[in-house]
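The values are calculated or read from the model by the stated rules, or taken from the named source; none is laboratory data. From a predicted model like this one, the values you see are computed outputs, not experimental measurements. Reconstructed Cβ throughout: ideal geometry from the backbone, glycine too, with neighbour counts over all protein chains shown.
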Amino acid sequence: MSVQQMSPAMKVADGVRETSSQDGAALLDIEQGLCFSLNPVGAKIWELVKRGYSPNQIVDSLEHEFRLPRTQLVSDIFEFVKQLEQMKLIIGGPVSRQAERGFFARLLARNRSA
């Protein structure tokens, strides 16, 4: 089974607009009439989601860029993506797909045994 099969692609909701800077990003959900602010790390995750990266690819990218422990990244990215989905900013994240939780749990378990 490939990573793509384990983790269906997440995508940005249709009504979300953004503006980015070196300080992060501001997201505007025109359907809900709400604005959200992202710090630089959140903006990086947002950009990777927009590009169609899988959760595993997001973890790989941030692990390489920030040199943080993989287990911490998996947990933090999962929680952040879950919040994005709960705020209806993305579609296809861990809330709507129970298999996603299994993927993150397997990813975390695999790294603990390494």
Hey, among the residues in region 6-20 that are at pLDDT below 85 and surrounded by fewer than 18 Cβ atoms within 10 Å (Cβ to Cβ), which one's nearest to the chain's Cα centre (by Cα)?
A9
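From V81, V49, grab the single residue that is under 12 Å from the mean Cα position of the chain (by Cα), modelled with pLDDT under 90 and surrounded by 17 or more Cβ atoms within 10 Å (Cβ to Cβ).
Criteria check complete, one pass: V81.
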Of the conditions (1) at pLDDT 90 or above; (2) of a type outside the set (V, I, T); (3) farther than 23 Å from A43 by Cα, A105 satisfies every one except a single condition; which number is it?
(1)
